[in-house]
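Quick notes on the structure that follows.
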């Protein structure tokens, strides 16, 4: 007899394990149940109920941009989209959820976590508790003998650390796999010493050249930033996120962040939130850090994030092939488009897209099988631009 779980997802819950939770088809369930796979801390939300879902039918029947005849509905299903939420002028105007996805369940957003962590750094900067130009070792002396020993917090924020590390998502023998074992995302291997996040970070060596340009995308930088903000604030990551962003913004659902064996938060990729609450982050950024007439984020930090950044560093860096005129500042991406669009992005198809000119925010959460899919990313960018036109 087939149980309800197997009927819904196509496999029994007993088949999902720490060894396969990020692989298809299991990710269709585990990406919005990450807290069952990895130890997690709660990011407490404000009190309040979520408004009713908005009808997405006006959007789903439309065709995509670039002359494609495929309907948006068909594209979302083909691309393993779990949720698509659209805001216009601060109101939810479309909520799409795949049949297997519960809109009330927080979904892991992977590297969008980096952008959320940078928001915490921005609030501490405003308080005078964190100087972005300070040496990292002022806050985390344990990394003095590593690549980070002569780097600054600004280098972490802008992915400008000269680090000997490769983001090899699919290589089980790489340092990246060791990294994932340290964060408890992969099973411990027999005969290998157990590590925690900070010990792993303190072991990383400096790469070629000086810190600074070009843009070098390396996830450990953001995990170290999470430790920096904890030390600067004197509070744990989940508590700080709740106090500085989640509750003041009016988030409706608790979020989660995975933690290692020492309780260190996976600030680079371990946050899980609902699609609507992530859209609220985008709307907050679109409005310069203000929501409901209340300032939540420092205006000067938001402006720096959305207009700063080094264009030359981007052109010399890792992602110039996706956005020729892009920039990166405080762990947020600027498109270089005339409409001023900016975004946060995570592997396996997580997007937070903001079009200030159209007053549109789009969130896409996904369980797409490949961690990185450049052609699909370009299709998504075209989709978000099309949604802005239709909204």
Just wondering, is there one or more residues in segment 269-277 that are without any contact (Cβ under 8 Å) to a residue 24 or more places away in the chain, touching a helix residue (DSSP H, G or I) at 6+ places or on another chain (Cβ under 7 Å) and farther than 21 Å from residue 149 by Cα? no
Of the residues in segment 341-362, those that are touching a strand residue (DSSP E or B) at 6+ places or on another chain (Cβ under 7 Å) and closer than 19 Å to residue 118 by Cα number 10
Taking the condition more than 30 Å from residue 180 (Cα to Cα), within 25 Å of the chain's Cα centre (by Cα) and either surrounded by fewer than 14 Cβ atoms within 10 Å (Cβ to Cβ) or in the same structural domain as residue 186 (by TED's automatic domain parsing) (or both), does residue 56 pass? no
Would you tally the residues in segment 166-208 being over 20 Å from the mean Cα position of the chain (by Cα) and outside any helix (DSSP H, G or I)? 20
Can you find even one residue in segment 322-342 that is within 22 Å of residue 378 (Cβ to Cβ), in contact with a helix residue (DSSP H, G or I) (Cβ under 7 Å, 6 or more places away or on another chain), modelled with pLDDT under 95 and part of a loop (DSSP other than H, G, I, E, B)? yes
Which condition does residue 326 not pass, out of (1) over 20 Å from residue 167 (Cβ atoms); (2) in contact with a strand residue (DSSP E or B) (Cβ under 7 Å, 6 or more places away or on another chain); (3) surrounded by fewer than 22 Cβ atoms within 10 Å (Cβ to Cβ), if it passes all the others? (1)
Pairs returned, first residue in segment 192-206 that is more than 9 Å from residue 143 (Cβ to Cβ), second residue that is modelled with pLDDT of 95 or more and surrounded by fewer than 18 Cβ atoms within 10 Å (Cβ to Cβ), beta-carbon separation under 6 angstrom, 6 or more apart or interchain, are 196/261; 196/262
Extreme residue, modelled with the lowest pLDDT, among residues of segment 123-157 that are in a helix (DSSP H, G or I) and out of contact with any helix residue (DSSP H, G or I) (no Cβ under 8 Å at 6 or more places or on another chain): 127
Got a sec? Which of 289, 293 is over 17 Å from the mean Cα position of the chain (by Cα), without any contact (Cβ under 8 Å) to a residue 12 or more places away in the chain and closer than 23 Å to residue 45 by Cα? 293
Taking the stated definitions as given, is residue 281 modelled with pLDDT of 95 or more, surrounded by 24 or more Cβ atoms within 10 Å (Cβ to Cβ) and either not assigned by TED's automatic domain parsing to the domain that holds residue 22 or not in a loop (DSSP other than H, G, I, E, B) (or both)? yes
Within 17 Å of residue 108 (Cβ to Cβ), exposed (fewer than 14 other Cβ atoms within 10 Å of the Cβ) and either touching a helix residue (DSSP H, G or I) at 6+ places or on another chain (Cβ under 9 Å) or not assigned by TED's automatic domain parsing to the domain that holds residue 99 (or both): which single residue out of 17, 40, 30 fits that description? 17
Residue check for residue 169: in the same structural domain as residue 207 (by TED's automatic domain parsing), surrounded by 14 or more Cβ atoms within 10 Å (Cβ to Cβ) and at pLDDT below 95: yes
Which pairs do you get when a residue that is at positive phi, found in segment 2-29, comes within reach of a residue that is at pLDDT 95 or above and surrounded by 12 or more Cβ atoms within 10 Å (Cβ to Cβ), reach meaning Cβ atoms under 7 angstrom, with the pair 6+ apart or on two chains? 10/25
Here is a check on your reading of the model: is residue 246 closer than 23 Å to residue 158 by Cα and either assigned to a loop (DSSP other than H, G, I, E, B) or more than 14 Å from the chain's Cα centre (by Cα) (or both)? no
Positions within segment 284-307 being assigned to a loop (DSSP other than H, G, I, E, B) and touching a helix residue (DSSP H, G or I) at 6+ places or on another chain (Cβ under 8 Å), in sequence order: 288, 289, 296, 297, 298
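The values are calculated or read from the model by the stated rules, or taken from the named source; none is laboratory data. Note that the coordinates shown come from a computational prediction; the quantities given were computed from them, not determined experimentally. Methodologically, a virtual Cβ is constructed for each residue, glycine included, from the backbone with ideal geometry; neighbour enumeration extends over all protein chains shown.
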